[in-house]
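Notes to accompany the following structure.
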Amino acid sequence: MSISINACQKIEGPAGDVFKTWEVKDFVSIENSSYARDENSPIYISINDDQTYNLQLEQNTCQGEILGITELTIIMEQPGCTKMCCESSFSRRFEELIPSISMYKVTGTTLRLYIKNWGFIECELSQ
């Protein structure tokens, strides 16, 4: 007989550096597209140690669960948003990319969220 227990575990050590609020700065990808954004309205992702995340887009807020996280990998469900009205194409694309993120790397005050065969989303630690 096998018993499996799934519980939220607080991750410490190097992976613990990701549990902060980050300002989304740029997409670095193989796509041949550029996405307009409102430079006066920063976009944020908060990665929480209770295995949830929050997005503050230009006009709307979103939230979702982190389905798995290790020191290098992260899997996030599609976010649920208040309403996807009036967002820039950059905001909409960021929200669409969330479930495709598979890895992350924190270097100092920079977070990169990697998407296989696409590129990465660059974020800076929010002040």
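Every number here is computed from the coordinates shown, using simple stated rules; none is lab data. These figures come from a predicted structure and were not determined experimentally. Note that each Cβ is placed from the backbone with ideal geometry, even for glycine, and that neighbours are counted across all protein chains shown.
Points to keep in mind about this one:
- Filtered residues of region 45-91 (kept if over 20 Å from TYR35 (Cβ atoms), in contact with an Asp or Glu (Cβ under 7 Å, 6 or more places away or on another chain) and either touching a residue at least 60 places away in the same chain (Cβ under 8 Å) or among the aliphatic types (A, V, I, L, M) (or both)): LEU67
- Meets criteria (farther than 20 Å from ASP17 by Cβ and surrounded by 15 or more Cβ atoms within 10 Å (Cβ to Cβ)) for ILE98: no
- In region 54-73, the residues that are of a type outside the set (Asp, Glu) and under 18 Å from GLU23 (Cα atoms): ASN54, LEU55, GLN56, LEU57, GLN59, ASN60, THR61, CYS62, GLN63, GLY64
- Boolean, TYR44 is buried (at least 19 other Cβ atoms within 10 Å of the Cβ), within 10 Å of the chain's Cα centre (by Cα) and among the hydroxyl-bearing types (Ser, Thr, Tyr): no
- Tallying residues that are part of a strand (DSSP E or B) and either touching a helix residue (DSSP H, G or I) at 6+ places or on another chain (Cβ under 9 Å) or closer than 20 Å to GLU31 by Cβ (or both) within region 106-127 yields 11.
- All positions within region 78-95 that are surrounded by 19 or more Cβ atoms within 10 Å (Cβ to Cβ), within 13 Å of the chain's Cα centre (by Cα) and either of a type in the set (A, V, I, L, M, F, W, C) or not in a helix (DSSP H, G or I) (or both): PRO79, PHE94
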